[in-house]
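Computed from the coordinates by the stated procedures, all read-outs in this text should not be read as laboratory data. Since we're looking at a predicted model, the values are computed, not measured. All Cβ positions, glycine included, derive from the backbone under ideal geometry; neighbour counts span all protein chains shown.
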Amino acid sequence: MSVAAKLRELLREHGQPPREVYFDLENSGWVPPEVVEAMLPYFNARGYGHPSITHKPGWEALEVLYEAKELVARTLGASNPEEIAFTHSGTEANNLAVLGYLLANRERRGKVVVSAVEHLSVIFPAEFAAKLFGFKVVRVPVDSEGFVDPEVLKSYVDRETVLVSVQAVNHEIGTVQPLKELVDTVKAANPDAVFHTDAADAYGWVNLDVEKLGVDMLTVSGHKVHGPRGVGALYVREGVKLEPPLRGQLSAEKLWPGVENVPLIAGFKRAVELQFENMERNVSYVKGLRDKLIDGVLARVPHVLVNGPLGERRAPNNANLSFLYVEGEALTVELSMRGIYVSSGSACSSRILEPSHVLLAIGRRHEEAHGSILFKLSRYHKPEDIDYALEEVPKAVARLRAISSLAPTQVASS
Amino acid sequence: MSTRIPLPYSPKVLEIFRNPRNLGPMEDATIVESAGSPACGDMIKLYLKVGEGDVVERATFESYGCAANIAAASILTEIVRGKSLREAWQISWKQLSDELGGLPPIKYHCSILAVGALKRAIRAYYRAKGERPEWLPEAMTPEERQVLEEEEMIERYYRALGRLGGAQGEGGSA
């Protein structure tokens with residue numbers, strides 16, 4: 001049976017749940033109609049040309065590309081839209097930052113310092129560059145809530161340090177790093193070290209100002225702000241030299257070859273406008289949903305651990321919980337059949353028995369990481385969505401605990 | 001996050017996951033054996049009631065693991081029922097996978113784990129009886145070896161971690 005045919009049957013067996021709530025905004029998500037609407041003209045009515053060719057559809061494409069650059073620059077407090085480079089994903093933007101900088105500085109070799117909880121699109125390019133050019137990569141440990149202690153970071157930065165990358169907000173456990181202090185610490189220890197921050201999970205949720213923070217590079221990602229997949233952007237401070245890691249015709253985008261995703265960039269632009277509109281109100285609204293979800297689950301389900309910090313030091317949209325005695329992948333399937341879509345940091349799909357490196361870095365044991373479930377919320381969620389999750393999650397966990405040979409009997413029957 | 005399934009489950013896995021057969025502990029089990037560990041992320045506990053002529057009268061299971069793990073354990077309890085232990089010894093992980101509509105390769109270890117638990121149970125039965133039939137090999141089968149390797153790998157991880165003094169040693173590998 002072909003894979004597609006198998007999937008058709010799988011979906012038929014799965015069936016249509018009576019109600020659906022999507023919480024897996026970490027991995028991807030729906031695109032709101034107003035964002036889709038902003039994209040549509042750029043597929044066939046205007047700006048469908050190549051943005052660096054001298055004709056009207058090309059200039060229209062270039063116009064929206066620069067409107068987007070100007071908007072992103074403005075939201076980051078950057079003065080020059082030329083400091084914004086578009087890529088085709090957040091992963092690519094992180095690759096551009098890390099590989100692009102190390103490629104341009106490959107003669108210096110030296111040390112690359114990353115936190116232990118970075119996105120793999122930061123860690124892997126750093127290790128790749130280490131293998132190719134002889135850089136040394138060190139991972140800075142974090143505390144039990146995922147924070148990088150500036151004092152600890154200081155002990156890792158020396159004269160040899162070329163690049164430091166610490167994210168603004170952790171993508172799995174929502175830790176909001178003390179970014180300004182971390183940048184100051186690095187710059188005090190070595191003013192020549194370039195500081196990159198992956199802000200994909202911070203953008204539009206916490207205030208970011210590249211001038212005040214003093215970061216040299218900053219990553220944002222389209223689908224993390226309800227934009228379409230296929231758009232990422234990197235802020236690169238004027239004077240920081242990168243070498244494009246991908247080879248091909250460079251055009252309007254001077255750091256990333258390939259024809260710019262103009263319709264998607266038009267959608268991304270609209271998504272950013274919406275994300276920043278009433279940002280303060282949205283942040284406090286989503287924070288309310290987050291706490292309702294976390295408190296509600298803790299009140300209804302025994303043996304649950306919260307991964308990451310609570311309160312103001314946690315991203316407003318992040319709830320990451322470990323349900324002990326159940327395996328996370330099974331729970332994602334069970335919840336899916338109940339119309340609740342989430343993801344897990346379980347290792348179940350990986351033969352190397354390695355669950356989420358973020359959860360291990362904060363000291364979670366394997367069995368605790370295997371039971372982790374990540375919920376990501378947005379302003380589009382309603383309190384009733386949380387109510388529905390609070391009805392279904394306890395039932396789903398109870399069913400799997402009843403199957404599990406590990407659960408204490410009183411847990412299984414609760 | 002690391003939950004990435006490159007190939008889909010078959011509808012059969014989903015159906016059994018939803019309605020597992022022969023679930024739960026067995027009061028009058030002749031043999032209870034398990035394979036895997038919580039730290040590995042999958043564990044199967046198998047209960048066998050063995051009767052006259054070393055025939056499996058009933059089998060039940062408990063499972064901590066992914067949907068494929070639960071489905072593999074469930075289908076094993078159905079296949080093994082009514083078989084002599086000698087016949088049961090011949091059940092292969094491939095057979096379980098096929099019965100489940102073909103597991104994605106990354107999930108093969110779920111059926112290996114189930115077969116590993118069964119083989120352990122059969123050995124334990126004869127050990128308790130103090131005999132070894134000539135068809136029962138002394139050397140471990142590949143399934144048993146793989147289960148043991150997985151269990152030991154995780155133990156080694158924690159021993160190494162203990163030496164480093166916590167999960168936060170420099171350059172911890174992911």
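What percentage of all Cα-Cα pairs in chain A are separated by more than 26 Å?
Details: 48288 of 85491 pairs.
Looking at chain A, the distances longer than 26 Å represent 56 percent of pairs.
Under a Gaussian network description of chain B, with springs only between Cα atoms under 10 Å, the residue in B:Gly65, B:Gly130, B:Gly82 that fluctuates furthest is B:Gly130. For the residues of A:366-373, the average number of beta carbons from a partner chain within 10 Å of their own beta carbon is 5.
Remark: A:Thr197, A:Thr332 ranked as A:Thr332, A:Thr197, counting other beta-carbon atoms within 10 Å and listing the fewest first.
Mind checking the mean number of beta-carbon atoms from other chains within 10 Å of the Cβ atoms in A:1-7?
Details: counts 3, 0, 4, 1, 0, 8, 5.
Neighbouring Cβ atoms belonging to other protein chains average 3 per residue here.
Of the chymotrypsin sites (Phe, Trp or Tyr not before Pro) found in the stretch A:1-81, the ones in coil according to DSSP and having at most 15 other Cβ atoms within 10 Å of their Cβ are A:Trp30, A:Tyr48.
For the stretch B:11-163, the calculated P(r), taken from all Cα-Cα distances in 5 Å bins from zero up to the bin holding the longest distance, is 2, 10, 20, 23, 20, 14, 7, 4, 1, 0, 0 percent. Helix content alone sets the calculated 222 nm mean residue ellipticity of chain B: runs of n ≥ 4 DSSP H residues at -39500 (n - 2.57) each, divided across all residues, give -14500 deg cm²/dmol. Of the chymotrypsin sites (Phe, Trp or Tyr not before Pro) found in the stretch B:88-145, those in coil by DSSP whose Cβ has at most 15 other Cβ atoms within 10 Å are B:Trp135. Could you state the angle between the C-alpha long axis of helix A:3-14 and the longest principal axis of the C-alpha atoms of chain A, as a value from 0 to 90 degrees rounded to the nearest 10? So the inclination is approximately 40 degrees.
Compute the angle between helix A:90-104 and the longest alpha-carbon principal axis of chain A, please, reported from 0 to 90 degrees and rounded to the nearest 10. Approximately 40 degrees, to the nearest ten. Candidate cross-link partners of B:Lys107 among the lysines, defined by an alpha-carbon separation under 22 Å and a same-chain spacing of 8 or more, comprise A:Lys6, B:Lys12, B:Lys45, B:Lys94, B:Lys119. Springs join every pair of Cα atoms under 10 Å in this Gaussian network model of chain A, and among A:Arg365, A:Arg313, A:Arg229 the largest mean-square fluctuation is at A:Arg365. To the nearest ten degrees, helix A:279-300 and the longest principal axis of the Cα atoms of chain A are 30 degrees apart. With the biggest extent put first, the Cα atoms of the stretch A:34-276 measure 55, 35, 27 Å across the principal axes. Average 1/r across all pairs of distinct alpha carbons in the stretch A:257-414, invert it, and you get the Kirkwood radius: 17.1 Å. A run of chain A free of exposed loop cleavage sites, with GluC sites (Glu not before Pro) counted only in DSSP states other than H, G, I, E and B and at most 16 other beta carbons within 10 Å, reaches its longest extent at A:21-159.
Averaged over the residues of peptide B:60-72, the number of Cβ atoms from other protein chains lying within 10 Å of each residue's Cβ is 6.
Distant-in-sequence amide contacts of A:Ser52, defined by a placed amide H-H separation under 5 Å and a gap of 5 or more residues or a different chain, comprise A:Ala252.
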